[in-house]
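The values are calculated or read from the model by the stated rules, or taken from the named source; none is laboratory data. Since the structure is predicted, the reported quantities are computational estimates derived from the model, not experimental observations. When we count neighbours, we look across all protein chains shown, and the Cβ atoms used for this are built from the backbone with ideal geometry, even at glycine.
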C-alpha cells in the first residue's frame, strides 16, 4: 500500500493501551503497543527477533516487554535487554521500534524515518482534554475498506442526503448540494465550510435540541493529512445570526474528531469521538449523541465496504469527478502530490538499527 | 475465466427482479438488476462511475436507478441522467449496461457485444408459461464450482447410480450404463436420449406414481450452449409402448429446466424448475417433486464442490474420457470449438460507450 | 512447500482408517486412506482419474475403492479395475498410489519415490503396543502453522517457563535455562537430555504423583526427521539417584510420541500419544494425563499459529539463534542439509505409472 510514511497516524485511544499488550496492524506492519509502569507508551514490531513469535502474547515486566514464547525482553526502543540462558546480548538482538506519542487521549504513531519524527505535526485537538465544555465519548470501528475511502466520504457531505436519510441527512436532498460551500487549501490538507440557511433541521439535531422552525446549519471540516478530519457542525434558529454574525450559541453544536488509519490495503481503523456542545450538563445527551453518530458511521461502513469490493472487482474503474465533490478532489490531489514527493525521496535506513541507536543516545 | 461472451445466460428468475435492486455477479462482472415502474428489467454494472459505489445499494426512481451514495441517477442504458449539484452531465458519465431480455419467467443476460445480441438465440421453454399442463416450481442454488462441472454432471447420467442411490438412481447400477443411448449434435450443443427398458422404477418415480411393476424409462437431455440443459424424463409400465410407439402418457413424466450461469471461475448459479407431468391437478405433488429434485441437486452440489477443490489442488489432472460419458465429451468438444473461435475473433469495443450510444438512437 | 519426500510421515492413527474412506491432505497432496476387508490400508490420490472427483466420497467394495461419482473402481495400488459401461480399461486409467505402512498403531505414508520406500526407516515406538506397562491415549490436533514450527517448539523446552506456566512450566523460570543440557546428533536427527536437579515439581507432576519436596527432573527428546519427536520425561524425589544412578522408578514418568505432518505450507497435523508410567493401573490417571497434555498443546497451538501469521506478514524476518535453543538449531541444520541433498538429487518418475507398475509385479 502506498501510504505517507513520514506522518502520524492515530494508533489507539489512550485507554486502549495498558500493561496488557495490544496487537494492531498499522499500514501492513504488525505492531504491539504497551504501557510501562511509569505510564510511557511504546510500540514495537509484533515479532520477536528470536523466532518471530508475537510479542503481544507476552507480558510487560519492569525491564520491558517479555516475549511469551522464550522470555526474551525488549525495552521500549526495541533493544533486547535479556535473553534467558545467556549473558551476552548481540547487537542485532532488537526489534523495530516505532516512534509513538500520546496526545489529547490518543496514541499516535510515526511509521516513517524516526530521525525526522516531529511531534508538532500531530493535529491539535484539545477538546479531548476539556470534558467540561466538550463532554464527549469515543470509539473505534474496523472497516474493510481502504482508509482513503473514509476520507473521501468525509470530504463530500452531499452523501448525507442519500446514506443518512434517517439521521443527519433528513430533509430535502437538494439542500445539501445547494449549500454555500467554501473550500480552502491548508499547509497540510484541505478545509471546507458549508452553510445551509433556513433549512429544515435534520432528525439528529431536532431530537437533541428544540428549534423554533427552520435552522441555519453549518458544517466545517478540516482534513489534516494523512488521516485526520476535524469537524465542527451545528445549527441555530434560522436568521438568528449564526451565518452573518457568528452567533452560534444556543442551538445544536457537535464536534467530531475522525482519525482514520490504514490497517492493510483493504482495511482500516476509524477512531472517532463525539462532543456534545448543546446540553453539556446532561451525560445522557452525550451518550445519545455518540450512539446516534455511531449509527450513521455504520451506515457509511456498509456502503464503503461494498464500494471497496466493487473497486477490487472492476479493473481501472472509470471514475468521474463531479462539481459537488470538489473538497474531496482537493484532498485527493494533496495526497497524490505528497505521495509523489515521497516516491521521489530517498529510501529509509534500517529501522531496527535506528531504533536501537536512538535509545542509546 | 474463459466463457462465451456473445451468448445468453440465465441471470435471475423474473420474480427475483423487482424495484428493489438485485446484485449478482455474472461471469466475474458485478451487475445490478432492477425493474422500473413500467416493468422493464435493466442490468447495469454494479459500480457507480463517480466513486465506484455499488448501485445495488441505491433505489429505483422514475428516472432510473439512483446511486445510494451521492445520488447520481442512471437510466436502463447506463447513461447518467442526473448529477446532484450540477446541470451539465459529461458524456463519459455512464456505467456499462448489459443487454437483458425477459422470456419464459427468466431474465437473460448477454455478456458480450451488445450490437450483435440476438434474442432469437435464447432457448425456448414455453412450459414455464403453461401452469395448466406443466405445473411447476422453480429455485436457484449457489454452487462453489465452475459452471461447466454442472453441465458435465447433467451430460453423464451414469452418476445417478452412485450419487443418487436414494432417489432417482435407485435400483441396479448396471442398468444405467446399459441404457440404450443416442447422442446427437445440434446447431448449438448436443442432445441425447436414454432408454432403460423393463427397469425397476426409481424411488422418486414410485413415490409419485403407482406402477404395476417394472417400467420403461426415458431420459432426454438437450444441452444448449453455454448454460442451458432441457430435460424431459419419465416412465410408464414396461412394455406399454413408450419406447416403440411413443405412448408416454399415464406414467411418470418430469420436465426440468437447468440454467447454469458462471458467477466466478469457481462458482455458479444453478437456476432450475421442475414440472409435474403426472398429477397435474395436485399442487402437493408439484411441491413434493420440487423438494425431491432439490434434494438430488444438493447431492450433486456436495460432490461438485469437492471435485472443484480437487481440480484446484491437483495441477494438470490426468483426466480420462470413458465410454459412458460420450455425450459429456461431445458437449465439452462443442464448447472448446466455440471458445477457440471466440479467441480468434476481434476484441470488443468499449461497452459503456456502446451502451450509451444504443440508448440515444 | 519444501519437504523431504523420501521419508515417512504419520498420516493417521490406525483406528482412524476404516472402511469409510478418510480424506487427508499430506504435504499439499489430497489423499484418501481406506482399509479393505482384509484389514490392509491403502492411500490413493483423492482425485479420480476420470473427472477429478474426490474418491473419499466413494465407498470400499471388495475390488477396491469405488468412486462415488461414476463408479470407477481402483485397487490399493491405484490401478483402475472397473469402468462401468466398458470392458477395456486403458493403461493410463490409474490414480497415484502412496506407499503406506501400519506400525505401532499409526498409519505411515511415504510421499516420495515408491521404489526406495524402506519401512525400516519408520521410527520404532513399541510403547503403543504395550498397554500394560505404558497405558496411553492418543489424539490429533490440526494446527494452522508450518509443521517445522512444532518441531522447533519441541526442541527448545525453555518455552515451558513462559507458555506453560500453569502446567509443566510452573516454578522458577531460571531453572529451565539452567538445566544440565546435553545435545547429540543422531543418524537421522538430533536428541537431547535435560536435567533439572532439586527443582520444584511442576503442577502437572505434583497433581499426578505425591513428592516429598523438590525433585530431580529429566526431559529426553529425540527428533527423528522429518516429523517425529520421541519424548521421555519424569521426576523422582530429589537426590534419590535418578540422575547419578539411573534410579528413575517410583516417581512421575511420562512418554509422549509426537508425529508432526505437514498438511499445507501453513498447516499441519499433530498426532500425539501420552503414556502414563506412574499410576499404570488407574485408567483415570491415563485419562487425566492425556487431558493435561492436550491443554498444554493447545497453549502451544495458540502461540504457534500467531507466530505463523507474523512470519507470513514480515518479509525476511531477522531471526536470531540463542544459546538455549542449540538443540532446535541442530535440528534445523539437519533438515537444511537433507533438503539441500534432496534438491541436488534427480527428479522423480511419474508416480501414477510407478504405482501401477509396482502393483503388477
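Give me the residue from the range A:60-71 that is in contact (Cβ under 8 Å) with a residue 24 or more places away in the chain and either assigned to a loop (DSSP other than H, G, I, E, B) or in contact with a helix residue (DSSP H, G or I) (Cβ under 9 Å, 6 or more places away or on another chain) (or both) and, out of that set, farthest from residue A:96 (Cα to Cα).
A:62
Considering only residues that are more than 11 Å from chain B (Cβ to nearest Cβ), surrounded by 15 or more Cβ atoms within 10 Å (Cβ to Cβ) and more than 20 Å from the chain's Cα centre (by Cα), which ones fall in the range A:281-321?
Within the range A:281-321, A:285, A:286, A:288 qualify.
How many residues does the range B:18-34 hold that are touching a helix residue (DSSP H, G or I) at 6+ places or on another chain (Cβ under 7 Å) and in a loop (DSSP other than H, G, I, E, B)?
Looking only at that region, the number is 1.
Select from the range B:185-210 the residues that are free of Cβ contacts under 8 Å to residues at least 24 places away in the same chain and out of contact with any helix residue (DSSP H, G or I) (no Cβ under 9 Å at 6 or more places or on another chain) and list them in ascending order.
Of everything in the range B:185-210, those that are free of Cβ contacts under 8 Å to residues at least 24 places away in the same chain and out of contact with any helix residue (DSSP H, G or I) (no Cβ under 9 Å at 6 or more places or on another chain) turn out to be B:187, B:206, B:210.
Among the residues of the range A:48-66, write down those that are more than 20 Å from residue C:148 (Cα to Cα), more than 29 Å from the chain's Cα centre (by Cα) and at the interface with chain C (Cβ under 8 Å from one of its Cβ atoms).
Selection gives A:66 alone.
Which residue, of A:42, A:56, is farther than 30 Å from residue C:326 by Cα and touching a strand residue (DSSP E or B) at 6+ places or on another chain (Cβ under 9 Å)? It would help to see each step written out before you state the result.
Details: A:56 fails: farther than 30 Å from residue C:326 by Cα.
None of the others qualify; the one that does is A:42.
Of all residues in the range C:78-106, which are assigned to a loop (DSSP other than H, G, I, E, B), touching a residue at least 60 places away in the same chain (Cβ under 8 Å) and under 30 Å from residue C:273 (Cα atoms)?
Residue satisfying the conditions is C:105 alone.
Of the residues that make up the range B:265-279, is at least one in contact (Cβ under 8 Å) with a residue 40 or more places away in the chain, closer than 22 Å to residue B:142 by Cβ and within 14 Å of chain C (Cβ to nearest Cβ)?
yes
Residues in the range B:211-258 that are closer than 30 Å to residue B:110 by Cβ and touching a residue at least 40 places away in the same chain (Cβ under 8 Å): how many?
Counting residues in the range B:211-258 that are closer than 30 Å to residue B:110 by Cβ and touching a residue at least 40 places away in the same chain (Cβ under 8 Å) gives 13.
Do we find that residue C:182 is under 28 Å from residue C:236 (Cβ atoms), away from chain A (no Cβ under 14 Å) and assigned to a helix (DSSP H, G or I) in this structure?
no
So which of B:208, B:172 ends up being assigned by TED's automatic domain parsing to the domain that holds residue B:304, at pLDDT below 95 and buried (at least 19 other Cβ atoms within 10 Å of the Cβ)?
The match here is B:208.
Out of all the residues in the range A:35-47, which are buried (at least 21 other Cβ atoms within 10 Å of the Cβ) and either at the interface with another protein chain (Cβ under 8 Å from one of its Cβ atoms) or in a loop (DSSP other than H, G, I, E, B) (or both)?
A:45, A:46, A:47
For the structure I just gave you, tell me whether residue A:330 is within 11 Å of chain B (Cβ to nearest Cβ), surrounded by fewer than 22 Cβ atoms within 10 Å (Cβ to Cβ) and on the phi < 0 side of the Ramachandran plot. Break it down into steps so the answer makes sense when it comes.
Values: within 11 Å of chain B (Cβ to nearest Cβ): no; surrounded by fewer than 22 Cβ atoms within 10 Å (Cβ to Cβ): yes; on the phi < 0 side of the Ramachandran plot: yes.
No.
Let me spell it out: the conditions are (1) within 26 Å of residue B:273 (Cβ to Cβ); (2) part of a strand (DSSP E or B), and residue B:15 meets all of them except one. Which number is the exception?
With respect to (1) within 26 Å of residue B:273 (Cβ to Cβ); (2) part of a strand (DSSP E or B), residue B:15 is out only on (2).
Can you tell me which residue within the range C:21-34, out of those that are under 21 Å from residue C:92 (Cα atoms) and touching a residue at least 60 places away in the same chain (Cβ under 8 Å), is farthest from the other protein chains (Cβ to nearest Cβ)?
Applying the filter and picking the extreme gives C:31.
Filter the range A:74-130 down to the residues that are more than 14 Å from chain C (Cβ to nearest Cβ) and at positive phi and list them by number.
Within the range A:74-130, A:104, A:105 qualify.
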